[in-house]
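Have a look at the structure below before the remarks.
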Amino acid sequence: MTAPPSVYPPAVADLMPAARDLTARLGTLPSQNRIKTELRVGHRKAGAILDSLRADFAPPSTDPPAPAVDTTSDGPDPVPDTTPTVGITPVPPVPATDTLPPSSPLPTVAAEPVPEITPTVATTPDGAAPRRRRPAPGRVWAYVGVALGGVVSIAANVAHTYLPKPPPGAPDGWTAPVDWSPSPLAIAISVFWPIALFVAVEILTRIAWGDGFWWFLARVVGVLPVALVAAVVSYRHLSGLLAHFGEDPMTVAIGPLAVDGLMVMASAALMVTSRNRPGDRKGQR
C-alpha cells in the first residue's frame with residue numbers, strides 16, 4: 001500500500017530537478033511565467049527557482065591548478081571517478097551575455113484607459129437644478145380629517161338603523177320586540193350615504209374639469225345634486241341618532257355638520273395641498 005501524497009507544497013530544492021529538465025528542453029533559461037505554468041508554483045517560488053538556475057549557469061570561476069601527478073612513483077595509477085550522477089541531466093553550458101532572458105514570452109498589451117463616468121443631474125430649462133419636493137404642511141392632518149370624518153359618519157349612519165321605528169298607527173309607548181334587528185339591506189344603504197358624499201366631493205374637486213359653461217353645468221347639474229342628497233340623508237340620520245340619545249336641540253341641529261363637514265373640508269384641503277406643492281406652481285417652469 002503506497003503512502004498518500006503530501007498535502008504540503010514542495011520545497012524549492014525538490015523542484016530544482018524538474019526545473020533543470022525544463023531548461024534542458026528549452027535550451028535556455030525559462031521565464032518566470034513558464035516556470036509558474038510548468039511546475040505549478042506561485043510567483044515567489046518561481047522567482048527563487050529562476051535565481052537558482054541562474055546561479056547554476058553562471059560563468060565558472062578561475063580555480064587554482066590541480067597538483068601535478070607524480071609519475072615516477074611506483075604506486076598504482078589513480079582510478080577515475082566513475083560514480084554516476086543520479087537525477088541530474090547534464091546541461092550544455094549557456095554562453096554568458098550582458099542581457100538577461102526575457103521575463104515573459106507573452107507580448108505586453110497596453111491597458112486600455114477606463115472612461116470616467118460623470119453622473120448626470122437633471123436640470124430645469126433655465127439650467128438650474130430642480131429643488132426637491134417637500135410635503136405640503138398640514139397634508140397629514142387633512143388625511144386624518146378624511147379618515148376620522150368618514151369613519152364616524154359611517155358608524156353613526158349604521159347605528160341609526162338599529163333604532164326601532166314604530167309602525168304606522170302604533171300606540172304611544174310602543175317598544176320593539178326583543179328579537180328585532182335591522183335588515184342587512186338597511187345597514188348596507190346606511191353605509192352608502194357617507195361614502196356617496198365622499199366620492200361626490202372627490203369628483204367635484206379632484207377631476208380637472210374644463211373652464212367652459214358646459215363643463216360648469218355638468219358639475220352643477222350632474223354631480224352637485226348627488227352630493228347634496230347624500231349630505232342631507234346622512235345629516236338626518238346623524239341628527240336622529242343624537243335626538244334618540246337625548247341631546248339638546250342645538251346639538252341635534254348642528255352636530256351632524258361637524259361630522260360630514262370635517263370629511264368634506266379635509267377632502268378639499270387635500271386638493272389644495274396637492275396643487276400647491278413646491279415645483280407644481282405655474283411660476284416655476
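The values are calculated or read from the model by the stated rules, or taken from the named source; none is laboratory data. Note that the coordinates shown come from a computational prediction; the quantities given were computed from them, not determined experimentally. Neighbour counts are summed over all protein chains in view; Cβ atoms, including those assigned to glycine, are modelled from backbone coordinates with ideal geometry. Just so you know, the surface numbers come from the protein's heavy atoms only, side chains and all, with ligands and any DNA or RNA stripped out. Shrake-Rupley method; radii C 1.70, N 1.55, O 1.52, S 1.80 Å.
Using a simple spin-label model with points 7 Å from Cα along the Cα→Cβ vector, what separation in nm is obtained for Leu228 and Phe192?
Those two pseudo-labels are separated by 2.0 nm.
In square angstrom, what is the accessible area per residue of the stretch 138-269 with a 1.4 angstrom probe?
Per-residue value: 62 Å².
Per the 1.4 Å probe, what fraction of the accessible area of the stretch 203-265, in percent, lies on carbon and sulfur atoms?
76 percent
If R₀ is 41 angstrom, what is the calculated FRET efficiency for the pair Ala243 and Ile207, using the beta carbon separation as r and rounding to 0.05?
After rounding to 0.05, the efficiency reads 0.65.
Pairwise over distinct Cα atoms, reciprocal of the mean inverse distance: report the Kirkwood radius of the stretch 136-285 in Å, one decimal place.
When all Cα pairs of the stretch 136-285 are included, the Kirkwood radius is 17.7 Å.
Treat every Asp and Glu Cβ in the stretch 161-285 as -1 and every Lys and Arg Cβ as +1, leave all other atoms uncharged, and give the resulting dipole magnitude about the Cα centre to the nearest 20 debye.
Rounded to the nearest 20 debye, it is 840 debye.
Using a 1.4 angstrom probe and counting only protein chains, how large is the accessible area of Thr273 in Å², to 10?
For Thr273, solvent-accessible area is about 20 Å².
Which ³J(HN,Hα) values, rounded to whole Hz and listed in residue order, are derived for the stretch 241-254 from phi using the Karplus coefficients 6.51, -1.76 and 1.60 in 6.51 cos²θ - 1.76 cosθ + 1.60 with θ = phi - 60°, glycine and proline given as x?
Karplus values, whole Hz, x for Gly and Pro: 5, 5, 5, 4, 8, x, 6, 6, x, 5, 5, 5, 7, 10.
Please give the solvent-accessible surface of His160 in Å², to the nearest 10, using a probe radius of 1.4 Å with every protein chain present.
In the full protein context, His160 sits at about 30 Å².
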